[in-house]
Amino acid sequence: MSVDPHDLLVLRAVVRTGRFTGAADELALNHTTVSRRIQSLERALGGRVLSRAAGGWEPIELGRRALRAADGVSEALDGLAAEISGADLRPKLTGVVRLSATDGYSALVAAPAVADLQREHPELQVEIVTVTRRALQQRSGLDIEVVVGRPQVHRAEAVLLGEYVLGMYASERYLAEYGAPQTRDELVAHPLVYFIDSMLQVDDLDAPRRLVPGMRDSLTSTNVFVHVEATRAGAGIGFLPCFVADRHPDLVRVLPEEIAEVLPYWMVLRPDSLDRPAVAAVVAALRDRTAAMADALHGEPRAHPL
């Protein structure tokens, strides 16, 4: 039995969204039709193409091979449409790429990198999910993950993107009112602005409670931009990524020689992700942007003059 190209495109949508219902919405079909298409594909190929995982449907080996064919069908259709319309036939990136990353990396590294790429490839769509967590063992619906700390993953490729530094920061107004700590021991007298301890999923990010265990929590949040604004508002001393905090001239780096936590950004990819030109292009853009921002990611110590 021959393989129906429509079935391949349905498989592609199921893998991208992780769900039959998601594929149905994307392709303007109903759930039953999506299920029937997958069954038809499995009969034609003589085996299963998907397996159920915690995060949704994941392709197995036969499914990954079918996905490569599906990408070829999609690219051929795009090329045919361009030829018929008389459009520019130079290679174009199309489709949707979904990535997840931390708040700071998403906003200040990934978003500008993607925007630059889209100037050349306006039909490329990128979805950025902001989250601070360990790398997922099952990443249905995600093409790229950027995580803090070396990931422990199976059936995935992990690539070191670069490093960034976190330090202690306080607002000029806060330091004028409460004084600037001159030693690490003096930090204990000041409240900490940082992640909610009970909700922190990344062990590498627990540095301030390890470095200065006596600091009491003040305002805590799951979002790094809340940390920044709370620190600027004088809620306490924030433990902040330098590349985020250094954008604000009213924030002062405290004890930069003593408190400088260096952490790595890692990229995690499904084994088949780089077979898609759009994903490969986004990966390259993220790597280039991260490298170009190396100085900012490592921070520029600006100690308080007192």
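What follows is calculated from the coordinates using simple rules that are stated; it is not laboratory data. These figures come from a predicted structure and were not determined experimentally. Please note: Cβ atoms are built from the backbone with ideal geometry, for glycine as well, and neighbour counts cover all protein chains shown.
Annotation: the residues H121, H227, sorted from fewest to most other C-beta atoms within 10 Å of their own C-beta, follow the order H121, H227.
Residues T183, T231, T33, T17 in ascending order of nearby Cβ atoms (within 10 Å, fewest first): T183, T33, T17, T231. Note on W57, W266: ascending count of other Cβ atoms within 10 Å places them as W266, W57, the fewest first. Bridges between two residues of the chain, per DSSP, are antiparallel at a rate of about 65%. For the range 122-243, the alpha carbon convex hull comes to 142 Å³ per residue, rounded to a whole number. Dimensions of the range 5-48 based on its C-alpha atoms, expressed as ranges along the principal axes with the largest first, amount to 27, 17, 16 Å. Measure nothing fancy, just the Cα-based angle from helix 31-45's long axis to the longest principal axis of the chain, in degrees from 0 to 90, nearest 10. Roughly 70 degrees, rounded to the nearest 10. Between 0 and 90 degrees, rounded to the nearest ten: what's the tilt of helix 61-85 against the longest Cα principal axis of the chain? Here the helix axis deviates by roughly 80 degrees. For the range 96-146 versus the range 164-222, the inter-centroid distance based on Cα atoms is 29 Å. Rounded to the nearest 10 degrees, the angle from helix 111-120 to the longest Cα principal axis of the chain is 40 degrees.
Shape summary: the range 92-306 maps onto an equivalent ellipsoid whose semi-axes, from the alpha-carbon gyration tensor, are 34, 18, 14 Å in decreasing order. Less than 18 Å from a label point 7 Å out along the Cα-to-Cβ axis of R68: which backbone N atoms in the range 140-169 qualify, by residue? Only 155-157 fall inside the zone, counting backbone N under 18 Å. Taking every alpha-carbon pair in the range 192-285 and binning the separations at 5 Å intervals from zero gives 2, 12, 20, 20, 15, 9, 9, 8, 5, 1 percent.
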